[in-house]
Amino acid sequence: MGMEFTSLAGRIRTSAAGPTHAATTEWRWWHCAVRRVARCVALSAVFVVSSVLPGCDHREAGISAGPDAGFAIRDSAEIDIVENHSPEYSSDRFWRMDMEPEIVLGGGDRSLLTGDSAHLIWQVSGLARLEDGRVAVLSRGSRQLYLFKPTGELSRVMGGEGEGPGEFSSPEELQYLPPDTLAVWDSWFGPVSYFDTDGDLIRTRSVDLGKALGAVNGLSAESRRIPLADGSFVTGIEDDPMFNPPAGTLARQPLEFVRIDPEYATSSLGVWKSVEAVGVDIPAASLPVPWPVFTFLDAFLAAGADPPTIYVADGTADEIRRFSFDGRPVRIIRRSTPPMPVSDEAHRAWVTYLATLNGLAARGLDEPLLRAIPRRDFHPPVAGLFVDPEGHLWVSEWSAPEVGGPDRWSVFSAEGRWLGVLPAPMLEVPCHWYRNPCWMGTDFFLAVRRDELGRERVEGYRIRRHD
């Protein structure tokens, strides 16, 4: 499908190397900050890590569309290739996601949240819904982890700014380990704090930055970690953190995903194409000319299921690769459906979306951006990946040529079979690792929404399956 997928033998090394830090001008500081965000997006703009217990009772996906729904499986060098030609279940007989939220936390209307805790929902960096229905919200802004009842009532607060046990410097990832553990991963390779779902600290775990830097060439203290259920993590290594394409061009650079296990042994998940950047030649305060705008197109990664599994896609091809946790490729999932074209209306909506995504909407740059950003011929076939607790792979995508942002999900079985498609609420900023964390459960989808003033709220949407 035209996807670049190779291995960089020279990436993995054993000698230690320290991180480099350079931000001597306002531009370099701003660009480094944006690149950190872009790197986080590359580790998934809509990216979630899920874990499940063995022996889960899988539900039936829906009512079968019958033998006309086609797919084929073939073997190539001990790797299964699943070719999907149509979904197994028709849209009117597949699952559905409610378009109105069942849970709302925060936002401008404080009456929506019992106890007037709307001020707690800001700079959200992680979400999860517990088995008892409570919602966990990690705030990078307040450096605290909150537990809310489904009514919106605040039930427990954990953490706080500091370097002591159970305190956070800049919490960047929330990991739910069912049924009763929440793990908070701090930035800059800081410690991992494990809490029980009553809010009590169980233990902390340190990460040896020196060993991690010595294991992977190009890793720095600012590199983001994608935690996995076994305590390992994945990181993404880009060739040029200061990457900035020429004005008027769309470009991507190589990105290698590397898994680092608890003993600091490494395995490469291959080299992909990282977040897409558009060079924009528009004067703007505090920004150079040209400067980059980052789009939806990215290398996406999701993990979960049982046995533990990692999925990766580069966004441009209707193809997703499945790996075991040791980095061994085991399956390629493809669809033969035609690409979705982009209309004039969708291009305008897409540029407006990008302005919001890059924090530029308030600068009045919508029209200059519309003239500066090249029009895409087709929507990317993949706009995000999730793995739910039952091992289903969820692929975010566009529903029609006129739509500006991804607004539906395709669901695949653990075996790679395309099960069906269901509409979903369109978010102001799509789900991704850093700017808009989301969480996909068995019967609930959590996402961060933003109003016209940029105020955040957490919304929970019910997923209704046919039992």
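The values are calculated or read from the model by the stated rules, or taken from the named source; none is laboratory data. All values reported here derive from a predicted model rather than from experimental measurement. Backbone-built Cβ (ideal geometry, glycine too); neighbour counts: all protein chains shown. For the accessible areas, the whole protein counts, side chains as well, though only heavy atoms, and no ligand, DNA or RNA atoms are used. Shrake-Rupley method; radii C 1.70, N 1.55, O 1.52, S 1.80 Å.
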**Prompt:** All but one of (1) in contact with a Pro (Cβ under 8 Å, 6 or more places away or on another chain); (2) surrounded by fewer than 19 Cβ atoms within 10 Å (Cβ to Cβ); (3) in contact (Cβ under 8 Å) with a residue 60 or more places away in the chain hold for ASP407; which doesn't?
**Reply:** (3)
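Condition check ((1) in a strand (DSSP E or B); (2) surrounded by fewer than 21 Cβ atoms within 10 Å (Cβ to Cβ); (3) on the phi < 0 side of the Ramachandran plot) across all residues:
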position: HIS347; (1), (2), (3): no, yes, yes
position: PRO368; (1), (2), (3): no, yes, yes
position: PRO374; (1), (2), (3): no, yes, yes
position: PRO381; (1), (2), (3): no, no, yes
position: VAL411; (1), (2), (3): yes, no, yes
position: GLU415; (1), (2), (3): no, yes, yes
position: LEU422; (1), (2), (3): yes, yes, yes
position: MET426; (1), (2), (3): no, yes, yes
position: ARG449; (1), (2), (3): yes, yes, yes
**Prompt:** Listed residues ALA362, ALA400; which is open to solvent by 40 Å² or more (accessible area, probe 1.4 Å), among the small types (Gly, Ala, Ser) and either modelled with pLDDT under 95 or over 30 Å from PRO179 (Cα atoms) (or both)?
**Reply:** ALA362
**Request:** Kindly check whether there is at least one residue in region 268-286 that is more than 25 Å from LEU354 (Cβ to Cβ) and surrounded by fewer than 21 Cβ atoms within 10 Å (Cβ to Cβ).
**Result:** yes
**Request:** Being of a type in the set (Gly, Ala, Ser) and modelled with pLDDT under 50 is the filter here, so list the residues in region 63-85 that pass it.
**Result:** SER64, ALA65, GLY66
**Request:** Could you check how many residues of region 173-210 are farther than 21 Å from TYR264 by Cβ, open to solvent by 50 Å² or more (accessible area, probe 1.4 Å) and in a strand (DSSP E or B)?
**Result:** 2
**Asked** Among ASP239, ASP180, ASP230, ASP261, which is the only one that is closer than 30 Å to ARG376 by Cβ, over 17 Å from the mean Cα position of the chain (by Cα) and not small (Gly, Ala, Ser)?
**Response** ASP239
**Item:** GLY327 vs. criteria touching a helix residue (DSSP H, G or I) at 6+ places or on another chain (Cβ under 7 Å) and in a loop (DSSP other than H, G, I, E, B)
**Value:** no
